[in-house]
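The values are calculated or read from the model by the stated rules, or taken from the named source; none is laboratory data. Predicted model only: the values in this text are computed from it and were never measured. Here the Cβ positions follow ideal geometry from the backbone for every residue, glycine too, while neighbour counts run over all protein chains shown. Surface areas here come from the heavy atoms of the whole protein model, side chains and all, with no ligands, DNA or RNA. Shrake-Rupley method; radii C 1.70, N 1.55, O 1.52, S 1.80 Å.
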Amino acid sequence: MDIRVKQIKPEEKELVAIYCHEVNDEVVEIVDFVKSRQGTVGATSDGRRYEIAVTDVFYIEAIDNRTFLYCKNHTYECRQKLYELEEVLSNKSFIRISKSVLVNLMKIQSISPALNGRFLATLKNGEEIIISRKYVPDLKNRLKKH
């Protein structure tokens with residue numbers, strides 16, 4: 001499969017085109033990956049409203065009925081509940097890893113075993129988060145697909 005990238009002017013709309021003889025699993029996987037990289041989540045910080053690109057979010061955590069988006073160097077608060085974000089982001093590389101946390105699989109650097117059947121995920125920004133044992137099977141299944 002050949003890959004070509006063409007840089008365009010900022011005012012032109014970006015486009016991904018796939019030319020193939022048949023739509024097989026590989027093509028479907030590429031399409032799913034491209035779709036998973038699109039979208040934003042509305043959030044606030046210091047009284048200002050932002051649209052955060054889904055690709056910038058490392059993980060999402062619910063604490064005391066408040067939802068927070070954690071990016072590389074900044075944290076934002078989101079009005080949506082964790083379960084609402086889980087529904088919207090499940091097809092965008094996010095997965096629940098504990099009762100109160102969703103993680104972006106694209107931001108995980110490594111995963112290692114921890115105590116009592118839990119795992120420890122090290123993110124690309126160096127932060128570490130615990131994966132509860134209840135969610136380990138789902139994570140393994142999801143990683144097999146990626």
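For the stretch 106-138, what are the residues that are of a type in the set (A, V, I, L, M, F, W, C) and either in contact with a strand residue (DSSP E or B) (Cβ under 6 Å, 6 or more places away or on another chain) or more than 25 Å from Gly39 (Cα to Cα) (or both)?
Selection gives Ile108, Ile111, Ala114, Leu115, Phe119, Leu120, Ala121, Leu123, Ile129, Ile130, Ile131, Val136.
Quick one: count up the residues across the stretch 98-126 that are open to solvent by less than 70 Å² (accessible area, probe 1.4 Å) and over 19 Å from Arg66 (Cβ atoms).
Qualifying residue count for the region: 17.
In the stretch 73-89, which residues are out of contact with any Lys or Arg (no Cβ under 8 Å at 6 or more places or on another chain), more than 11 Å from Ser100 (Cα to Cα) and either open to solvent by 40 Å² or more (accessible area, probe 1.4 Å) or part of a helix (DSSP H, G or I) (or both)?
If the condition is that a residue be out of contact with any Lys or Arg (no Cβ under 8 Å at 6 or more places or on another chain), more than 11 Å from Ser100 (Cα to Cα) and either open to solvent by 40 Å² or more (accessible area, probe 1.4 Å) or part of a helix (DSSP H, G or I) (or both), then Asn73, His74, Thr75, Arg79, Gln80, Glu84, Leu85, Glu87, Val88, Leu89 are the ones that fit.
If I filter the stretch 51-66 for residues that are more than 15 Å from the chain's Cα centre (by Cα), open to solvent by less than 80 Å² (accessible area, probe 1.4 Å) and in contact (Cβ under 8 Å) with a residue 24 or more places away in the chain, do I get at least one hit?
yes
Enumerate the pairs (first residue in the stretch 85-102 and small (Gly, Ala, Ser); second residue anywhere and in a loop (DSSP other than H, G, I, E, B)) with beta-carbon separation below 6 Å, excluding pairs fewer than 6 apart on the same chain, so at least 6 apart or on different chains.
Ser98/Ser132
Just checking, how many residues over the stretch 54-107 are more than 18 Å from Lys124 (Cβ to Cβ) and either among the small types (Gly, Ala, Ser) or touching a His at 6+ places or on another chain (Cβ under 7 Å) (or both)?
Looking only at that region, the number is 4.
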